[in-house]
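Written below as structure tokens is the structure these notes are about.
Quick note: the coordinates plus some simple rules give every number you see, no bench work behind them. In this text the structure is predicted, and so the values were computed from the model without any measurement. Cβ coordinates were reconstructed from backbone atoms using ideal geometry, including for glycine residues, and neighbour counts include every protein chain displayed.
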Amino acid sequence: MKIKLLIVFATSTILLSSCGSSVRMGSTSSADANKSTAAISDKAGASESRLSVEEKEPNSAVVFQTKEPKTVMDFFALLPEKYFTLEGCVREDDKDCSKARAEYLKNYKEIEDIPNGYFKGGCDGGQRCIEMALFKRPDDSYVVAVATFGEMLDENHFLDYDNGKWKDISVEIVPEFSTDKRYEIPRNGTTVQVFSTKLIEKVDDYEVREKDKKLYDLVWKDGKFAKKT
């Protein structure tokens, strides 16, 4: 009887020892597997992160290169010849007049006030003078006011620039707009003074006028001008 009990006890001990060993190995193996999986996942994540950054960087560069003009000098650099003629521009050698524009700034620039969105350039002989001012709309876009002066002709334009295209919107945003009036665009503030003109000379192609008496002020409000009351 004692012998049978000893045999049973020994057998039970062996079985328990074997089960305990299986649990520890299984636990250790599971942990190792989890660590391996995590390590692989981390490496994959790191590679994916670097790839995402590398893929986004070219797109960012494209956005930077195609951004809209924001300063008065940005707009001056894009201003078409129909609104301001650069006498020194020879199209055969200077297709976009960039050289002539740079030369004009070198010789005639008088005021470049970026914070106030204002630029003034002088003139001499056949080269006309220019003033430009930016008026900010509620949607953060701009109306570009351009005034040019010469020996025989003064002009005012209120322009819109959108996706590389210029449009004269003077009659849309300026009440009672007329080419016979003079609009003095300000360096400071947003009030435009309006003057009548007096006819001095008239020929077939143009009229020569000079500034006469002040008529009224225009105030800038909600993306348009209105007569000051």
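Tabulated data for the structure shown
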| quantity | calculated |
| --- | --- |
| FRET efficiency, 1/(1 + (r/R0)^6) with R0 22 Å, evaluated for Lys221 and Ser141 via beta carbons | 0.90 |
| Proxy reagent accessibility, fewest Cβ within 10 Å first, across Asp154, Asp222 | Asp222, Asp154 |
| FRET efficiency for Asp204 and Lys167, using Cβ-Cβ distance with R0 set to 22 Å, rounded to 0.05 | 0.15 |
